[in-house]
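S.K.: For reference, the structure I am asking about is given below.
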Amino acid sequence: MRVADVMQTELQVARGTDSLADTVSILAESHISGVPVVDEHRRLVGVLSNSDILEALAEHNDAESRAALFDQTTVQDVMTPRPQTITPEATVKDAAQRMLYLEVHRLFVEQEGKLLGVVTTTDLVRAMAGTKV
């Protein structure tokens, strides 16, 4: 089974210049834990995950400072640059091994520099649950 068979292709995306508050709303409304950050040509430049947000929040001790973080911070200020990627032709086993080795929960699927989708640990579990072991 290939990554192309299990990846999600309908993605919410953010731009580096988007506000952190707006992007957190997208994460919450979409029930996702991370969003790809793309440039004006829709090329992948980063990822904003719950972990990035929690890390940024940990640096702000009071409520006023935390509110300012969301209102005055852009996605590029807290995102992880150069997210992990994989090709659509890679096997599901390769994706799982890569996620384990890199200790990540998602790999963005790219081909020739174009963002095609994302494969997550949930996608892999779902795929394995439907196959004979």
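The values are calculated or read from the model by the stated rules, or taken from the named source; none is laboratory data. Just so it is clear, the model here is predicted, and its values are computed rather than measured. Every residue, glycine as well, gets a Cβ built from its backbone with ideal geometry; the counts of neighbours run over all protein chains shown. Protein only, heavy atoms only, side chains kept; ligands, DNA and RNA dropped before computing areas. Shrake-Rupley method; radii C 1.70, N 1.55, O 1.52, S 1.80 Å.
S.K.: Can you name the residue in region 1-22 that is assigned to a loop (DSSP other than H, G, I, E, B), closer than 17 Å to THR80 by Cβ and not aliphatic (A, V, I, L, M) and, of all such residues, is most open to solvent (accessible area, probe 1.4 Å)?
M.R.: Among them, the one singled out is THR17.
S.K.: Then there's this: Is it true that some residue in region 71-92 is out of contact with any strand residue (DSSP E or B) (no Cβ under 9 Å at 6 or more places or on another chain), open to solvent by less than 90 Å² (accessible area, probe 1.4 Å) and not basic (Lys, Arg)?
M.R.: Checked region 71-92: no residue is out of contact with any strand residue (DSSP E or B) (no Cβ under 9 Å at 6 or more places or on another chain), open to solvent by less than 90 Å² (accessible area, probe 1.4 Å) and not basic (Lys, Arg).
S.K.: What single numbered condition from (1) under 17 Å from VAL104 (Cα atoms); (2) touching a Lys or Arg at 6+ places or on another chain (Cβ under 8 Å); (3) free of Cβ contacts under 8 Å to residues at least 60 places away in the same chain fails to hold for VAL92?
M.R.: Status for VAL92: all satisfied but (3).
S.K.: Look through ASP94, ASP71, ASP77 and report the one residue that is among the acidic types (Asp, Glu) and closer than 19 Å to ALA127 by Cβ.
M.R.: Of the residues listed, the single one that is among the acidic types (Asp, Glu) and closer than 19 Å to ALA127 by Cβ is ASP94.
S.K.: Please state which of the following conditions SER65 fails to meet, knowing it meets all the rest: (1) over 28 Å from MET1 (Cβ atoms); (2) among the small types (Gly, Ala, Ser); (3) open to solvent by 20 Å² or more (accessible area, probe 1.4 Å); (4) in contact (Cβ under 8 Å) with a residue 12 or more places away in the chain.
M.R.: Exception for SER65: condition (4).
S.K.: Condition check: closer than 29 Å to ALA127 by Cα, more than 12 Å from the chain's Cα centre (by Cα) and of a type in the set (Gly, Ala, Ser). Does SER25 satisfy that?
M.R.: For SER25, the condition - closer than 29 Å to ALA127 by Cα, more than 12 Å from the chain's Cα centre (by Cα) and of a type in the set (Gly, Ala, Ser) - is met.
S.K.: Does HIS41 satisfy the condition of being under 13 Å from the mean Cα position of the chain (by Cα), open to solvent by 30 Å² or more (accessible area, probe 1.4 Å) and without any contact (Cβ under 8 Å) to a residue 12 or more places away in the chain?
M.R.: no
S.K.: Quickly run through region 93-133 and pick out the residues that are open to solvent by less than 60 Å² (accessible area, probe 1.4 Å), under 20 Å from ALA14 (Cα atoms) and out of contact with any strand residue (DSSP E or B) (no Cβ under 7 Å at 6 or more places or on another chain).
M.R.: VAL104, GLY113
S.K.: Residue by residue through region 23-38, note down the ones that are open to solvent by 10 Å² or more (accessible area, probe 1.4 Å), in contact (Cβ under 8 Å) with a residue 40 or more places away in the chain and part of a helix (DSSP H, G or I).
M.R.: Within region 23-38, just VAL24 meets the criteria.
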